[in-house]
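The values are calculated or read from the model by the stated rules, or taken from the named source; none is laboratory data. Computed from a predicted structure; not experimentally measured. Here the Cβ is made from the backbone with ideal geometry for all residues, glycine too, and neighbour counts use every protein chain on show. Ligands, DNA and RNA are excluded from the accessible area calculation, which covers all protein heavy atoms including side chains. Shrake-Rupley method; radii C 1.70, N 1.55, O 1.52, S 1.80 Å.
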Amino acid sequence: MSAPVLVRNLAKAFYDEGRGEIKAVDSISFECHEGEIFGLLGANGAGKTTTLRMLSTILAPTSGTATIMGHDVVHDPEGVRKNLGFYSATTALYPRLTTRETIEFFARINQYPSKRVPERVEYLIHRFGLEKYADARIEKLSSGMKQKVSVARTVAHDPAILIFDEPTVGLDVLNALDVQETIGELRAEGKTIIFSTHIMSEAERLCDRIAIIHGGQILATDTLAGLREITGQHYLEDIFVLFVKAGQETV
Ligand SMILES: Nc1ncnc2c1ncn2[C@@H]1O[C@H](COP(=O)(O)OP(=O)(O)OP(=O)(O)O)[C@@H](O)[C@H]1O
Ligand SMILES: [Mg+2]
C-alpha cells in the first residue's frame, strides 16, 4: 500500500491585483508514513495553510497531485474527507449547538457509520473530559474547553489522518501543552498526523520528521537528527535559518 499521505509537485498560485501572481505553494512533494507526526515548519506566509487546505479539499490545487489514504484530493474529495480530520485555531464551532450536538454533527457529516454515532459521541465526551459540558452550548464555554471540543470534533469520524494547522496559536502555555499532549496521544493511537507550526520548540518536541517550508517550497525534509547531521547545527532554530538563507541565495 502507498503512503497514507502522498503529495507530488503540488502547487497553488493566487492572483492579487496589488501583488500580481503569488506562488503560495510552489511545487512541493512529500509523503507521510503511517503513525508519524510530520511537521511543516515555516514562518508567516510560507505556504503552510495553503498546503493543508489543498490536502483537506477546501482549496483546489493549481497543479500537482495529493492523495489521502489513496483518495485523490481533486477526483475523490468525499473519500478524502472521510479519512481526514482538519483542525485549525480558526476553525469555527457553531455557538448555539451543545458540545454533544457538535460532535454528533461532525461525525455524521463525515460519514461515520450512523448506528455507531451515539456510542462514538459518548466515547469522545469521556475521552476529552467534557462530561460536565456535554449539554452546554458552545457559546458558554471557556476557550480551553472550546479547544477540546474542536479537537473532539476533528476526530469525531475517527479518520486515519489528522491535520493540525498551527493548533496552539493564541493559547496560553498550559492549553498549548495540553493540545501537544493530545496530538502525541493520537499518534500513540495509530493516527498519521500533519502538524504545522512556526514554533521551533513545538516541532522539536512533537515531530518525527520535519519539512522546512519557505516561500512555498520545501527546503529540507528529515528527522531532527538527520537535519542536525546535514547542517552540523544542534538547534532547530539555527538549522531553520541556515536553510532559509541558503534558499534565498539560490533564488
Ligand atoms: N486567498 C488568497 N489570495 C491571495 N493570496 C493568498 C491567499 N491565501 C494565501 N495567500 C498568500 O499565499 C502565501 C502563503 O500563505 P499561507 O497562508 O499559506 O502561509 P502560512 O505559512 O500558513 O502563514 P501563517 O504562518 O501566517 O499562517 C502568502 O503570501 C499569502 O499572502
Ligand atoms: Mg497559516
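Figures for the structure shown
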read-out	value
Linear extension gain, residue 8 paired with residue 208, 0.36 nm per residue minus alpha-carbon span	69.9 nm
Residue range of the chain that is longest and free of GluC sites (Glu not before Pro) which are both DSSP loop and sparsely packed (at most 16 other C-beta within 10 Å)	35-188
Nearest-0.05 FRET efficiency for residue 44 and residue 78, computed from C-beta distance (R0 25 Å)	0.15
Reciprocal mean inverse distance between Cα atoms of the chain - Kirkwood radius, Å	18.8
In the range 178-251, chymotrypsin sites (Phe, Trp or Tyr not before Pro) in a DSSP loop with at most 15 other beta-carbon atoms within 10 Å	235
Per residue value of the accessible surface for the range 172-251 (all protein chains in place, 1.4 Å probe), Å²	51
Estimated Rh, the range 92-158: Kirkwood, alpha-carbon pairs, angstrom	11.4
The range 92-158 - percent of accessible surface contributed by carbon and sulfur, probe 1.4 Å	52
Residues of the range 92-158: accessible area per residue with a 1.4 Å probe, Å²	55
Under the Karplus curve 6.51 cos²θ - 1.76 cosθ + 1.60, θ = phi - 60°, whole-Hz ³J(HN,Hα) for the range 126-137, x wherever Gly or Pro sits	6, 4, 9, x, 9, 3, 5, 10, 4, 9, 8, 5
Mean residue ellipticity (222 nm) of the chain, computed from DSSP H runs ≥ 4 via -39,500 (n - 2.57), nearest 500	-11000 deg cm²/dmol
For the chain, the longest site-free run once trypsin sites (Lys or Arg not before Pro) in DSSP loop states with at most 14 other Cβ atoms within 10 Å are removed	97-251
Carbon plus sulfur fraction of accessible area for the range 171-251, probe 1.4 Å, in percent	52
